[in-house]
Amino acid sequence: MRVIRGLEMSFFVFLVAFVVFLLLASNIYADTAPFFIGGVNIKPYQESNIVLSKENLTITFNKSDDMRNSAASVNAQFIFVNTGHQGSRTAGFPLHLPRRRVLDPPLTLESLKVKVKVDGNQITPTFVAPGQQGEYAPLIYFDVTFDKNETKEIQVSYEGKAAGGYFLYVLNTGSYWKGPIGTIDMTFKFPYEGAAPNVLSS
């Protein structure tokens, strides 16, 4: 298994090509953000107290005989620091997976293998299916309570399918937390030998 690790990046978009010669793009958009839940509207807002100080992101590309419909497992660890008073926040994680065929079964937490942990304790997030409550669906969201000056670790993992060979992970939703993202450590695991320049681009 080929591993590329330890990349710290200031840019907010990167692209991993799973199959060099496939031209159709299928995307995985994700990064945690503070979300406002109001009626039928779910959207991120600019947080003034909670800092995303570190993110550890691992994307594992699973071996498949059908590369056009292969899958990638995503595991994201976030370290948050509360610089303000005690309070609760709704953290959202937009999945924004590739457009699905009509006959495909509906997306669920189970089918996406979604798991969320807060300080090591597994919780069940709320799932918003595609086509519901705004442009960021499908997404998950959950409440997190911070004490004053508290640091919390949140882990989100899921599996996304690639219908065309490309996985796109966008970090700009993470910019809604206070200030810039501190550091990002990215690890890509491939079931084959990666071929530059098609492994990573910005």
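The values are calculated or read from the model by the stated rules, or taken from the named source; none is laboratory data. Computed from a prediction, not measured in an experiment: that's the story for all the values here. Calculation scope for accessible area: heavy atoms of the full protein, side chains included, ligands and nucleic acids excluded. Shrake-Rupley method; radii C 1.70, N 1.55, O 1.52, S 1.80 Å.
Quick notes on this structure:
- Within segment 111-127, tally of residues that are modelled with pLDDT under 95 and either open to solvent by 90 Å² or more (accessible area, probe 1.4 Å) or outside any loop (DSSP other than H, G, I, E, B) (or both): 3
- Residue count for segment 137-154 under the criterion of being among the hydroxyl-bearing types (Ser, Thr, Tyr) and open to solvent by 50 Å² or more (accessible area, probe 1.4 Å): the result is 2.
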